[in-house]
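One structure is given here, and the rest of the page talks about it.
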Amino acid sequence: MTYSIIGMGAIGGYYGGRLANAGLEVNFLSHSDYAYVVEHGLRVDSCDGDFYLPHINAYHTSADMPKTDVIVVGLKSVNNHLLPKMIAPIIKEDTVVVLIQNGIGLEADLQAVFPKLHIVAGLAFICSSKTKPGHVIHQCYGSINLGNYSCPQERFERLLDDFRQAGIQAAEVPYEEARWKKAVWNMPFNGMTVALNTSTDRLLANPATRQLIYDQMMEVVGAANALGVTTITSAFADRMMQMTDEMVPYSPSMKLDYDFHRPMEIYYLYSRPIEEARKAGFDMPKLAMLEALLKFKDQK
């Protein structure tokens, strides 16, 4: 299958680079990096082995891109109002869109715009960053869970196979479970690193903030359970705490956005899940307070 990467940042650059390095046809939509990657290509420094693609199929606008089998969206969700216009020119009748984005409600909102589109949720468990044009730093992890939202199973399995052939550890997971599992880590750590201007290791090294992180995780578990996702329990929160203890000191994507004065992904990562949980009769008071702090910082 052919692939198009929308959002050539730390996520799109890494997974798109892996697919291209495996020999698949991959087209990259690049805005700020366009001139650089056309001349210099894409470099990925990875804990799993560095690689360099001296020539990539880079485009400055999706109107110039060929229609594609799979669109991988690594765009920050603050730009999702632009997404329909960006992907419309490259959609075929059976195109699959993989949303590798943070938050709750992303697939439902895109499906409302494109009712016939095949949509898959991509939940990346990866520590990666991009602070220079055409250069992705992959620090650790790198697996991805794929939750089938509205894709024919045969196409979904071909997608899984392509990712695995490219050396990406990919697994099929139930859609709702996948989204809420990712939120168990994302909601506490993204916001808390911004609110306290710190990194993951320092949050867990302090007993007070360690307990607060765990309490926030359990609010997400409770929200998921209230919405019918009963497979997520405290044991999963315990594993997320252990995983974070073992990872290198890390600044999550929201912290990098804040440090580089970019808008933060507050709506899909905080406001939407808090709203969905409240509709189901479950409140998330600690995370609602964190949401308010982030809105203040984002406006400032």
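Quick one: in the stretch 128-146, of everything that is farther than 28 Å from residue 59 by Cβ and free of Cβ contacts under 8 Å to residues at least 40 places away in the same chain, which residue is surrounded by the most Cβ atoms within 10 Å (Cβ to Cβ)? Checking each candidate, the answer is 145.
Tell me yes or no: at least one residue of the stretch 31-48 is surrounded by 23 or more Cβ atoms within 10 Å (Cβ to Cβ) and within 22 Å of the chain's Cα centre (by Cα). Yes, the conditions are met somewhere in the stretch 31-48. For the stretch 259-285, filtering for residues that are open to solvent by less than 70 Å² (accessible area, probe 1.4 Å) and farther than 30 Å from residue 226 by Cα leaves 1.
Within the group 128, 150, 143, which residue is among the hydroxyl-bearing types (Ser, Thr, Tyr) and closer than 20 Å to residue 29 by Cβ?
On the way: 150 fails: closer than 20 Å to residue 29 by Cβ; 143 fails: closer than 20 Å to residue 29 by Cβ.
Step by step, each of 128, 150, 143 is checked, and only 128 is among the hydroxyl-bearing types (Ser, Thr, Tyr) and closer than 20 Å to residue 29 by Cβ.
The residue pairs whose first member lies in the stretch 153-175 and is surrounded by 14 or more Cβ atoms within 10 Å (Cβ to Cβ), whose second member is in a helix (DSSP H, G or I) and among the aromatic types (Phe, Trp, Tyr), and whose beta carbons are closer than 6 Å, counting only pairs six or more residues apart or on different chains, are 170/163.
Going by what's in this entry, would residue 115 be described as in contact (Cβ under 8 Å) with a residue 40 or more places away in the chain and of a type outside the set (Ser, Thr, Tyr)?
Values: in contact (Cβ under 8 Å) with a residue 40 or more places away in the chain: no; of a type outside the set (Ser, Thr, Tyr): yes.
Criteria not met by residue 115.
Let's see how each residue does on (1) out of contact with any Ser or Thr (no Cβ under 6 Å at 6 or more places or on another chain); (2) within 21 Å of residue 147 (Cα to Cα); (3) among the hydroxyl-bearing types (Ser, Thr, Tyr); (4) not in a helix (DSSP H, G or I):
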site: 58; (1), (2), (3), (4): no, no, no, yes
site: 66; (1), (2), (3), (4): yes, no, no, yes
site: 71; (1), (2), (3), (4): no, yes, no, yes
site: 75; (1), (2), (3), (4): yes, yes, no, yes
site: 78; (1), (2), (3), (4): yes, no, no, no
site: 82; (1), (2), (3), (4): yes, no, no, no
site: 87; (1), (2), (3), (4): yes, yes, no, no
site: 95; (1), (2), (3), (4): yes, yes, yes, yes
site: 98; (1), (2), (3), (4): yes, yes, no, yes
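The values are calculated or read from the model by the stated rules, or taken from the named source; none is laboratory data. Remember, predicted model here, so these are calculated numbers, not experimental data. Reconstructed Cβ throughout: ideal geometry from the backbone, glycine too, with neighbour counts over all protein chains shown. Accessible surface is based on the protein model in full, side chains and every heavy atom, while ligands, DNA and RNA are left aside. Shrake-Rupley method; radii C 1.70, N 1.55, O 1.52, S 1.80 Å.
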